[in-house]
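The values are calculated or read from the model by the stated rules, or taken from the named source; none is laboratory data. Note that the structure is a prediction, hence the values are computed from the model and not measured. Note: ideal-geometry Cβ built from the backbone for every residue, glycine included; neighbour counts use all protein chains shown. Heavy atoms of the whole protein, side chains included, go into the accessibility calculation; ligands, DNA and RNA do not. Shrake-Rupley method; radii C 1.70, N 1.55, O 1.52, S 1.80 Å.
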Amino acid sequence: MIYLDNAATTYPKPFSVLETVYRANRKYAYNSGRGGYRESVQTAEKIFAVRDCLGRFFHCPEQNIVFTNNCTTAVNTALKGLLKPGDHVLISALEHNAVFRPIYKLAREGRITYDQVPYHPDRFLQNIRALEQPNTAMVAMLHASNVFGVVHPLGLVGDYCRRKGWLFVVDAAQSAGILPIDMQAMHISALCAPGHKSLFGTMGTGLLALADGISPDSLTEGGTGSHSFDPQMPPDLPDRLEAGTLNNPGILSLGAGVRFIEKTGRAEIHEYEMRLTRWLYEELAACPGIKLYTPPEHIGVPVLSFNVDDRTSEETAAYLAARQIAVRGGYHCAPCAHRFFGTAKRGTVRVSPGVFTGMNECEYFLNSVKFRE
C-alpha cells in the first residue's frame, strides 16, 4: 500500500516508537502513581519523563501536561472546563468538528454565544477585531487546516488575546510536531494535540498543555491515586484532569515519538514533507481535469485537497484505493472549512505525505491520477 493519509494518522511509526510500546507492555505495565512498590514507582518516573519531554517541546511547565485519549477530549476539556455562562467565543471559519461541535452544543444550550472568523492569509487579526464583543472571553481555533493546509498566525492572535485578557485555546491536531509551537511566546492558554499524528505516538493518545494559572474544571471524575477522601477532584494539575488509569504504553510511545522528532529535526521533517507537497501540487496543477483549492504559497503543512473531473471525492478515493493508494475523500470532519472554500457539495480528496513517504510513491500516485480511466 502507498500511504498518503498522514493527516489522519502517521504511518508507519518509527521503529523506536514500536520498540517502546513493546517494552512498555513488558516492563511498565503497572498502575503509575497507585502503588509504593518499585515497579509502580519506576513506571510513574517514566510517565513523568514524558511530561518533562513534552513540557520542553512546547515550552510549558511539565506538571501542566495532561494526558488524554485523543485531541478531541483535550479540546472538550478546555472548552467546557474554561468557558463561563454568558461568554462570547471566537472560532475560525475552518474549524474541525472537534472544536465546532462542542462550541455549537454550548451555544445551543444557551450557555455561550460565538462567531466564526473568516480565514484570510493577511487580515485574520483584523477579522477577529471586527467580530469581538464586550463579553468576548476566548479565541478557540485550529492552528492549521486539516483539509486545505492553511495556517493561522498563532503569535499574532495569542498576543492580541493577551492584551485583551482573553483565553486562547489552540487545536494543534495538524501542526504539533511539524510547526514550531512555543506556548509562552505565543501566549497560548491551552494547547490540544493528538499523539498519533505528527508526534508519532500510537492511537489513543493525546495531550492538553496548560499555561500557568489555567486550570479547567474536570470533564471526567474518578480515581486519581491522590486526595482519595476528598469527594471532589484534586485541585492540582495534572491529577485534576486525569481520572482513571493512564495509557502507559501509549504515553511512553508519545515520548519516543518526540525524541524521534528531536533526533531527526522538526524543521527537517517539515521541509521534506513540504517539498513533496509542493511537487505534488505542481504536478496536479498541470494535469487537465484537476481542481485545486488552495494557492500553493498559502499551504503551510503537508495537506493538499483536490478533485478530479466531475467525480465525487469519494469516487476518486475509491478509484485510488483500488490501486493500493491510501488517500481520504469526503468532508474530513470539517464542514466549516468546506463551506468556506465552496466544496460542500462533493468534499475533497486529501493527500498528505509524511516523513516516510518516498518520491517513487508520489510518482505512482500522480500517474494513477494522470492516466485515470
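Values computed for the structure shown
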read-out: Residue list for segment 25-48, restricted to those being part of a helix (DSSP H, G or I) and open to solvent by less than 50 Å² (accessible area, probe 1.4 Å); value: S40, T43, A44, I47
read-out: Filtered residue count, segment 1-24, keeping only those that are of a type in the set (D, E) and buried (at least 18 other Cβ atoms within 10 Å of the Cβ); value: 1
read-out: Filter pass, N70 being touching a Pro at 6+ places or on another chain (Cβ under 9 Å), open to solvent by 10 Å² or more (accessible area, probe 1.4 Å) and within 21 Å of A211 (Cα to Cα); value: yes
read-out: Checking P180 against (1) more than 23 Å from G81 (Cα to Cα); (2) touching a strand residue (DSSP E or B) at 6+ places or on another chain (Cβ under 9 Å), the condition it does not meet; value: (2)
read-out: Lone unmet requirement of (1) assigned to a loop (DSSP other than H, G, I, E, B); (2) open to solvent by 60 Å² or more (accessible area, probe 1.4 Å); (3) modelled with pLDDT of 95 or more; (4) not hydrophobic (A, V, I, L, M, F, W, C) for Y364; value: (1)
read-out: Residue list for segment 240-280, restricted to those being closer than 20 Å to M359 by Cα and of a type in the set (V, I, T); value: T264, I269, T277
read-out: Residue, farthest from the chain's Cα centre (by Cα), within segment 78-100, restricted to residues that are part of a helix (DSSP H, G or I) and under 26 Å from I299 (Cβ atoms); value: F100
read-out: Filter result for P121 (loosely packed, with under 15 Cβ neighbours inside 10 Å, of a type outside the set (G, A, S) and under 28 Å from V349 (Cβ atoms)); value: yes
